[in-house]
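The values are calculated or read from the model by the stated rules, or taken from the named source; none is laboratory data. Since this is a predicted model, take the numbers as computed values, not measurements. Please note: Cβ atoms are built from the backbone with ideal geometry, for glycine as well, and neighbour counts cover all protein chains shown.
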Amino acid sequence: MNFNASTFHLGVPRPRWADTAVSPEADAVLRTTLKVWAESFERSESISRRRSRAISDLRGMAVGCRSENWDGNGAEAISAQAVAHVERLISLWPAALPLPELAPEPDGSISLDWITSRYRLFSVSVGRSDRITYAWLNGTDRGHGVEFFDGEPFREECWTVWGKL
């Protein structure tokens with residue numbers, strides 16, 4: 001009888017994984033981990049692309065509105081501080097939530113808008129200062145507020161209102 005050292009060891013068949021020192025269970029864990037990592041990376045890359053696109057759109061808008069009277073009606077130029085604040089908000093925005101539509105405002109601020117319907121919207125205005133203003137409409141319920149922007153997306157009250165929409 002001829003024994004091949006690669007398939008038998010001391011008369012006992014060698015498992016396929018014996019040459020790699022990885023058990024089938026460990027191999028299954030590794031494959032599952034790599035699959036989860038790859039899916040997570042793809043989601044992260046997609047989120048990163050969305051954020052990059054939003055920041056690119058923001059910068060393009062800022063360039064188009066960098067001069068006084070950009071709208072022909074006496075609008076102020078979009079400030080570099082407003083652009084920096086909005087970039088920070090976009091970069092910190094939770095990945096599971098939709099990014100806003102961006103629009104220039106005549107006072108040099110930038111509007112971040114989430115509009116789900118004619119009667120459901122949330123709008124944030126970000127300007128030169130460290131204050132942000134917001135307003136919402138949810139059916140017949142509406143309101144507004146002012147918050148200090150400290151580098152975090154929003155404070156609790158603003159999140160509460162946003163979450164109802």
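Structural remarks
- Among residues of the stretch 124-150 being closer than 22 Å to Met61 by Cβ and among the aromatic types (Phe, Trp, Tyr), the one that is surrounded by the most Cβ atoms within 10 Å (Cβ to Cβ) is Tyr134.
- Flag for Leu121 being in a strand (DSSP E or B), surrounded by 15 or more Cβ atoms within 10 Å (Cβ to Cβ) and in contact with a Pro (Cβ under 8 Å, 6 or more places away or on another chain): no
- Counted residues, the stretch 55-72 - those being part of a loop (DSSP other than H, G, I, E, B) and out of contact with any helix residue (DSSP H, G or I) (no Cβ under 8 Å at 6 or more places or on another chain): 7
- Scanning the stretch 103-116 finds no residues that are touching a Pro at 6+ places or on another chain (Cβ under 7 Å) and either in a loop (DSSP other than H, G, I, E, B) or at pLDDT below 90 (or both).
- Flag if Ala77 is modelled with pLDDT of 75 or more and within 18 Å of Leu97 (Cα to Cα): no
- When the residues of the stretch 19-74 are filtered to those that are of a type in the set (A, V, I, L, M) and at pLDDT 90 or above, the one that is farthest from Asp113 (Cα to Cα) is Val63.
- Residue selected from the stretch 111-150 under the condition β-branched (Val, Ile, Thr) and out of contact with any Leu (no Cβ under 7 Å at 6 or more places or on another chain), by the criterion farthest from Pro98 (Cα to Cα): Thr140
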